[in-house]
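Structure first, commentary second.
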Amino acid sequence: MGDNRPWLAFFETTQRGTTSRYVLPMQIDWVRFDRDRYNPKAFAAVRQGAREGTLLDVATDEIFISLLLHNLRSSVTVDEVEGSRLEFRPTKKLLDKPQHELENIRAVETEQSNSTALVDNDYVVKIYRKLQPGINPEIEVGHFLTEIAGFANSPALYGSIELIEGDTRSAIAIVHAFVQNQGDAWTVSSGYLDRFVEKERLITADDHHEMIEDQVAYLRYMTQTGMRVAEMQMALASRDDIAEFKPEATAASDIRLWTDEIVSRAEPVFSLLAQRRNSAREQDRGLIDAVLALRNDLRNTLAELLPEDIDGLKIRHHGDFHLGQMLIVKDDIFIIDFEGEPRRPIEDRRRKAPAARDVAGLIRSIDYSATAALERAEKIAPDENGKLATALTGWRDRAIDAFVEAYRETMTDKRLWPADAKAADDMLKFFLIEKAFYEIEYELAHRPDWLRVPLAGLLRILNGEPQESV
Ligand SMILES: Nc1ncnc2c1ncn2[C@@H]1O[C@H](COP(=O)(O)OP(=O)(O)O)[C@@H](O)[C@H]1O
Ligand SMILES: [Mg+2]
């Protein structure tokens, strides 16, 4: 460790008996720590003899990023303490790429524990601040999709950095090719939806034509998404000779496991809902009651949707697929962030599952995007709620239809998506239910005001018409 070079600090925290490990790139700036000037990257004051300095988080700083990229290109292995080492593994795509001085680095603000830096129009460097032992699915799937299967709608993998301790590896960072984009699909959808709401409010016969144009443009993205998701899944299922990716027949034991997981996730959710019922918002109570009424029958419902003797394949998949995991690139979409659901253990995230799981993820996300728009509209035009809710429901259904229709058309592998419409629909419902419970759990813990979105979603899934034309 030089006294003015960046280094990686590893530390452990224990909370309620669970120990987590984190890694943080740090550097000392030999300038006195100034408490009065807020610097989000400054941690602490440091002193060495008479010298005073500031300890900085440099995850998205130029010196650190260029050192990281340099080490990656050179396939460096750094020996750390006690036999552990840092392994920089570049892909051929990085080595083939001409090198430039780094000019412009932008930090991406994300909700996750990761830090992401966009470097010129060349690289995206993501630091996983939380260390998780195991093979990181984003590295594994990125390598498979872009190096082996040749899937073109995900950013090329440029390399990874892992901490190796004995037989265990933990991902520290991943580098991808930068893809010029108009924003992630959640942000772009929100823009479309807000314009749609504005126009709905001001609507006259003349405007109607333009409004439809706007929707048509959006629906084209959804069609593109359906096509790309199906292609991604067929790419993920394309290699029988690579054990981690080989599609496998879904066994009765898999279905029992998935069902048990949903039921055991749902139980505490039901209990919490029952507890919160009386203090919930008036308009949520009916929904809570209706969801609670499903409690006793949940296992049977799931068993009907996904019988144990179903045949079909389970495959590696995205695992945390939603609008925020797609970039809008000209008139196409790119799929990013194959880390899986961050709250699940790494081994669970690497498990195979039916293709319907990712399809369900996106459908739920479209529902969320429409409700989020209604929520924003409510603040501006509270008295137009009924009219806007109807318009947004229509928007949501058309978006889901466009996505699912294009998906079905492109998905030609009947082992991944049942030819029988009812079987396909039931399987999709099974995973929509899984997702909805995950969302309810999340909203109960973090955003009680949003609770009604997954509650209403769950009821629609269970009572509704076929999902494919919700
Ligand atoms: N290859 C890429 N090209 C351009 N921007 C990207 C790329 N990958 C990620 N980003 C930007 O970083 C954001 C977060 O990326 P993501 O991988 O989803 O990180 P997180 O794991 O923190 O969710 C994206 O929404 C996008 O704005
Ligand atoms: Mg993400």
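Derivation of every value follows stated rules applied to the coordinates shown; laboratory data play no part. Here the structure is a predicted model, which means the values were calculated and not measured. Reconstructed Cβ throughout: ideal geometry from the backbone, glycine too, with neighbour counts over all protein chains shown.
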Worksheet item: Which whole-number percent gives the relative contact order of segment 7-177, counting Cα pairs below 8 Å spaced six or more residues apart?
Response: 18
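Taking DSSP loops as anything outside H, G, I, E and B, show the longest stretch in the chain free of GluC sites (Glu not before Pro) there with at most 12 other beta carbons within 10 Å. Before the final figure, lay out the partial values.
Details: sites that count: Glu101, Glu103, Glu109, Glu111.
Between exposed loop sites, the widest span is 112-470.
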Worksheet item: Cα to Cα, under 25 Å, and not fewer than 8 places away if on the same chain: which lysines meet these conditions relative to Lys422?
Response: Lys314, Lys352, Lys414, Lys435
Worksheet item: Percent of alpha carbon pairs in segment 60-139 separated by more than 18 Å?
Response: 50
Worksheet item: For the chain, what is the charge dipole size about the Cα centre, in debye to the nearest 20, if Lys and Arg each add +1 at the Cβ and Asp and Glu each add -1 at the Cβ?
Response: 880
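Compute the Rg/Rh shape ratio of segment 185-469: radius of gyration over Kirkwood radius, all on alpha-carbon atoms.
0.97
Which whole-number percentage describes the relative contact order of the chain, with Cα contacts under 8 Å and a sequence gap of 6 or more?
On the way: 749 pairs, mean separation 63.9, N = 470.
With pairs under 8 Å counted, the relative contact order is 14 percent.
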